[in-house]
Amino acid sequence: MSTETFYEVMRRQGISRRSFLKFCSLTAASLGLAPTMAPQIAHAMETKPRTPVIWLHGLECTCCSESFIRSAHPLAKDVVLSMLSLDYDDTLMAAAGHQAEEIIATIREKYKGNFILAVEGNPPLNEDGMFCIHGGRPFVEVLKETAADAKAIISWGACASWGCVQAAKPNPTRATPVHKVITDKPIIKVPGCPPIAEVMTAVVTYMLTFDRIPELDRQGRPKMFYGQRIHDKCYRRPHFDAGQFVEAWDDDAARKGYCLYKMGCKGPTTYNACSTVRWNGGVSFPIQSGHGCIGCSEDGFWDKGGFYERVTDIKQFGVESNADAVGGTVAGIAGAAVVAHAAVSALTKALDKNDQSKGGK
């Protein structure tokens, strides 16, 4: 039996053609695409069958799944029930035991080369992978076996993308990110601890709509969400430029909403969409809640200075507090240049006079 298309599922659920087209327009907007792309999205959803997805869990805390089911644009239920066929996810599915494991084998055989493998967590390699057992077998074996037949892989969260806390020093289990174990398949990294819900659903939507992976940065992350630093769009950026910083938690500067860089905020070195897409349906993000960014979408963030230590050597210009110092520096440089010019002139005259004296003799 063939898999239903997205449009067929929506019609079966009683959704009108007009509502369907409106959904396509909203989807284009959420992906940052031009309104003219809505018809292309509609055509894809009308003609392409839903893509089967196997969602595996390795060493992780399930925070990526918790984030995914809280997506608002589009709703996770629309992604799971309509846009894709989530055939296996041991956190969300009702089946268990042998019945659940048979689903993986069926999908691998029936949709070989045409299903997406989503991975949450990572495989530990020490002790032959015995630190994470999946259905009585080391998770690393299940991962390799399933990935062999997959069309592409999505690495959800910092665990699958970089290793996260379980790969932090000294890493006794040898927890290893997915891309270092699977090297012959396209891998889309969607890092974060967890990733933003709307980022997760948008990546899935893009892949299902256009039948290709989104444009990635040099680290394998979708550029549409990981192309700018949090610092670039942070509403506290003017305070950073003005040299206005929080010096202690709950000081007067904190109450005024000054920059949290001195409190360990990693916004200047973290690439993510937190300051634009935000969390909880676009309501807020950590910096807006008064806590600095911990850089959870970056490789090795657990080992880079901890939560409250600065990891960069950025020097802000300081258009307010440092204006006098900047002016003084400029004046000092100008004064030094005048002195140096006078010294060189005096030396030149002395040498000329000495040469003339020698010529006279």
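Couple of notes before you dig in:
- Gained length - Q288 relative to F210, 0.36 nm times residue gap less alpha-carbon distance: 24.6 nm
- With the simple spin-label model, which puts each label point 7 Å out from Cα in the Cβ direction, the A94 to I15 separation comes to 2.2 nm.
- Calculated Rg and Dmax of segment 201-264 using C-alpha coordinates, Å: 17.7, 52
- Out-of-range pairs (alpha-carbon distance over 24 Å; input K22/K112; K112/K185; K233/K266; K48/K144; K151/K180; K180/K233): K22/K112; K48/K144; K180/K233
- Computed across segment 50-222, the Kirkwood radius stands at 16.0 Å (inverse of mean 1/r, all Cα pairs).
- A simple spin-label model places pseudo-atoms 7 Å from Cα toward Cβ; at A148 and T36 they are separated by 4.6 nm.
Only the coordinates and a few stated rules stand behind these numbers; no lab work does. Just so it is clear, the model here is predicted, and its values are computed rather than measured. For neighbour counting, all protein chains shown are included, and Cβ atoms are generated from backbone atoms with ideal geometry for every residue, glycine included.
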